[in-house]
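*Asks:* Once you've had a glance at the structure underneath, I'll fire off some questions.
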Amino acid sequence: MDPGIWSRLPEVLLEHVLSFLPLMTFLSLRSTCKHFNSLIFSPPFISKHSSPSSSLPSFLLLSHPDFHLYYPLYDTLLKTWRTLPLSVSPVLSCTPATPHLLSVSHGLLCFSLPNSSSFLVYNLLARSSRVVEFPEHPFAFDLLTLVSTPSGYKLFMLGSPSGSSNNTFVYDSRLHLWHRFDRVDSVLGDNFLQQGVSYNGYLYFTTPEPFSVVCFDLESGKWEKLMTELPGELTFARLVSDGDEKLYLIAGIGQNGISRALKLWELNGGNWAEIVRVPEMMCRKFMSICYHNYEHVYVFWHQGLICLCCYTWPEILYYKVSRGTWHWLPKCPSLPEKCSCGFRWFSFVPEIHAFV
């Protein structure tokens with residue numbers, strides 16, 4: 001280990017050798033040296049740790065208004081619980097009030113900053129962040145959705161400085177600009193009940209009764225209504241996508257606003273093809289959780305799992321696509337005994353090279 005020898009090691013070889021370290025180990029070591037820290041963005045690291053075979057774990061992240069400066073994480077590979085401290089970001093730790101986590105996409109977390117018209121986009125692994133300011137204040141918004149792209153990300157939201165939701169706003173991280181588009185109420189209906197679902201460059205939404213599916217083109221800013229007919233006797237409807245390959249529909253089946261069954265469909269050739277029905281006992285439990293108030297129901301995709309959740313309950317009913325089986329995620333052991341509504345789950349898949 002004579003420094004006289006190792007100091008002459010070509011930098012490209014040093015980068016190549018260090019790229020074989022497990023990423024989580026290297027992240028712990030990078031604070032010892034500025035040069036080591038800079039290697040994270042070297043070509044060997046980017047090529048090795050941006051691949052699907054990267055050894056990074058993935059998590060289900062639970063947010064709640066009563067949590068202060070931390071988030072419970074469930075490691076879906078090791079089936080263990082961990083804790084994510086919120087104070088890891090200088091911007092967040094200096095905020096007097098607890099920021100609200102709004103959306104997560106490909107390793108990026110988007111928070112609303114209290115008492116301001118700004119959002120914070122944060123990469124936990126890279127410890128990089130950007131404050132995105134909305135040009136007008138005060139303003140109201142709904143359904144903010146963070147969408148990762150190959151060259152950055154976009155922020156989508158419905159809102160208006162006047163407090164209504166008559167406009168669509170999209171922030172493009174490549175240009176650092178907000179774009180404003182008109183909202184066509186005749187296409188959209190009165191409101192939406194879930195964040196946009198990203199699929200093939202569009203965001204998809206379901207509208208309340210009479211149920212329909214509408215989509216928004218993130219490039220052109222145009223809204224469209226899908227002519228595909230939805231299954232009958234729906235009591236609620238939610239969409240979920242695995243990204244760019246498949247779009248799913250999960251919905252309640254019943255009459256007079258009461259669900260008697262839960263089913264999952266896949267969009268196939270312009271039609272909804274039924275895949276599976278939720279087992280009766282699991283369906284009964286989920287319906288008792290949401291008290292047939294389906295506005296509290298939301299769905300998201302996580303690493304081959306379709307996760308069905310309710311804001312009033314801290315558990316997840318999930319469908320493992322590869323095996324065709326339904327399961328309950330165990331309740332987080334660190335939750336306080338008296339914890340009211342407001343539970344919000346996210347799919348958190350850390351990525352070191354997700355740019356802010």
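*Asks:* Please report, ordered by residue number, the strands (runs of 3 or more DSSP E) entirely within the stretch 263-354 with at least 1 residues that are among the small types (Gly, Ala, Ser). Walk me through how you get there before you give the answer.
*Replies:* On the way: elements: 271-277, 297-302, 305-310, 313-320, 325-329, 344-348.
By residue number, 271-277, 344-348.
*Asks:* How many residues does the stretch 250-262 contain that are of a type outside the set (Val, Ile, Thr) and either within 24 Å of the chain's Cα centre (by Cα) or not in a strand (DSSP E or B) (or both)?
*Replies:* Of all residues in the stretch 250-262, those of a type outside the set (Val, Ile, Thr) come to 251-252, 254-257, 259-262.
Next cut, either within 24 Å of the chain's Cα centre (by Cα) or not in a strand (DSSP E or B) (or both) only: 251-252, 256-257, 262.
Residues in the stretch 250-262 being of a type outside the set (Val, Ile, Thr) and either within 24 Å of the chain's Cα centre (by Cα) or not in a strand (DSSP E or B) (or both): 5 in total.
*Asks:* When the stretch 205-246 is examined, which residues are found to be touching a Gly at 6+ places or on another chain (Cβ under 9 Å), buried (at least 21 other Cβ atoms within 10 Å of the Cβ) and of a type outside the set (A, V, I, L, M)?
*Replies:* Answer for the stretch 205-246, where residues must be touching a Gly at 6+ places or on another chain (Cβ under 9 Å), buried (at least 21 other Cβ atoms within 10 Å of the Cβ) and of a type outside the set (A, V, I, L, M): PHE205, CYS215, PHE216, THR235, PHE236.
*Asks:* While we're on this one: Tell me, which strands (runs of 3 or more DSSP E) lie completely within the stretch 105-164 with 3 or more residues that are in contact (Cβ under 8 Å) with a residue 12 or more places away in the chain and of a type in the set (A, V, I, L, M)? So that I can check it myself, show each step before the final result.
*Replies:* Details: elements: 108-112, 118-123, 128-133, 140-149, 152-160.
Strands (runs of 3 or more DSSP E) meeting the threshold: 140-149, 152-160.
Read-outs throughout are calculated quantities, based only on the coordinates presented, and are distinct from any laboratory measurement. What you are looking at is a predicted structure, and each value in this text was computed from that prediction instead of being measured. Note: ideal-geometry Cβ built from the backbone for every residue, glycine included; neighbour counts use all protein chains shown.
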